[in-house]
Amino acid sequence: MSETSKLPIGVFDSGVGGLTVVRALMERLPFENIIYFGDTARVPYGVKSVATIEHFTGQITDHLLQRGVKMLIIACNTMAAVASHAVKQRAGDVPVLDVIDAGARAAVQGSAGAIGVIGTPTTVNSNAYARRIHELNPAVRVYSQACPLFVPLVEEGWLDHPVTRMTAQEYLRPVLAEQVDSLVLGCTHYPPIKPLVQDVVGPDVRLVDSAITVAEQAAETLNQLGLANPGETLADYQFTVTDIPLRFQTIGERFLGRSLGTLTKLDW
Ligand code: DGL
């Protein structure tokens with residue numbers, strides 16, 4: 001076992017949403033140490049310009065690399081959509097995974113030909129999902145829809161609320177008209193409303209949750225590179241954020257599915 005295998009995996013997002021990825025990693029890789037970084041002072045990213053997102057993403061990447069991580073996971077679809085090249089450039093030999101690649105792979109694997117993608121305006125405008133899906137299978141048709149209201153609705157905790165249901169019906173109508181067989185939840189905030197979205201799209205449409213797929217990819221990559229932590233001690237989880245807003249604990253724990261341990265606030 002190399003010393004590197006004991007290093008944590010660095011997972012980052014614009015805010016709390018990436019905790020859904022941490023949750024999937026904790027379940028799939030219970031012995032891996034994790035540092036989570038959420039840029040809660042500057043969230044949301046999904047409505048910001050590409051240049052700003054690239055700049056913020058670079059800062060977060062450098063911070064995590066300085067702390068010593070053996071792998072980086074871009075848990076934010078928006079950052080993965082427009083700034084993954086910047087992360088890879090800085091990371092050097094440290095492997096970088098991201099939710100868009102993972103989600104695109106999972107979508108293509110189970111689709112007979114038509115895939116819907118929902119995400120923030122920046123993710124959808126970037127066309128990153130469609131590009132990655134077409135690299136994997138050029139014959140698949142992709143229909144994307146920005147759903148900007150989902151992020152505040154989920155933060156509000158309206159996971160099964162009539163307003164969220166109406167919003168979902170409105171956003172998903174054009175996608176469903178294209179008879180998609182799969183729908184990629186292309187935003188970290190969407191997994192908590194999975195049951196409601198499934199209800200709106202009906203049982204014949206498969207929902208693709210990239211958090212689970214990226215955790216699987218992380219397991220495979222760590223094994224391939226000989227970097228998996230054999231787990232002689234309990235895993236250590238550290239959470240760093242740039243602001244601790246009101247209700248952060250409640251919202252964070254909803255995404256993580258358990259209590260948040262040590263939480264550190266970083267002043268840039
Ligand atoms: N984390 C973002 C994403 O997955 C959603 C929240 C935001 O807009 O920053 O796209």
Failed item, numbered, when Leu183 is tested on (1) under 17 Å from Gly202 (Cα atoms); (2) open to solvent by 20 Å² or more (accessible area, probe 1.4 Å); (3) within 16 Å of the ligand (Cβ to nearest atom): (2)
When you scan segment 71-89, do you find a residue that is more than 28 Å from Arg131 (Cα to Cα), touching a residue at least 12 places away in the same chain (Cβ under 8 Å) and hydrophobic (A, V, I, L, M, F, W, C), even just one? no
Residues located in segment 124-158, provided they are in contact (Cβ under 8 Å) with a residue 60 or more places away in the chain and part of a loop (DSSP other than H, G, I, E, B): Pro148, Gly157
Suppose the filter is at pLDDT below 95, surrounded by fewer than 24 Cβ atoms within 10 Å (Cβ to Cβ) and either touching a helix residue (DSSP H, G or I) at 6+ places or on another chain (Cβ under 8 Å) or within 19 Å of Tyr190 (Cβ to Cβ) (or both); does Val47 pass it? yes
In segment 24-65, residue farthest from the ligand (Cβ to nearest atom) [restricted to those that are more than 24 Å from Leu256 (Cβ to Cβ) and of a type outside the set (A, V, I, L, M)]: Asp62
Residues that are open to solvent by 10 Å² or more (accessible area, probe 1.4 Å), within 22 Å of Ala128 (Cβ to Cβ), in a helix (DSSP H, G or I) and among the basic types (Lys, Arg): does segment 164-177 have at least one? no
Condition first: under 20 Å from Pro95 (Cβ atoms) and open to solvent by 80 Å² or more (accessible area, probe 1.4 Å). Now tell me which residues in segment 192-233 satisfy that. Ile212, Glu220, Asn223, Gln224, Leu225
Against the conditions (1) surrounded by fewer than 21 Cβ atoms within 10 Å (Cβ to Cβ); (2) modelled with pLDDT under 95, where does Thr188 fall short? Just the number, please. (1)
Tell me yes or no: at least one residue of segment 52-67 is open to solvent by 20 Å² or more (accessible area, probe 1.4 Å) and not in a helix (DSSP H, G or I). no
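The values are calculated or read from the model by the stated rules, or taken from the named source; none is laboratory data. Keep in mind that this is a model prediction, so the values were computed, not measured. As a convention, Cβ positions derive from the backbone with ideal geometry for all residues, glycine included, and neighbour counts pool all protein chains shown. Heavy atoms of the whole protein, side chains included, go into the accessibility calculation; ligands, DNA and RNA do not. Shrake-Rupley method; radii C 1.70, N 1.55, O 1.52, S 1.80 Å.
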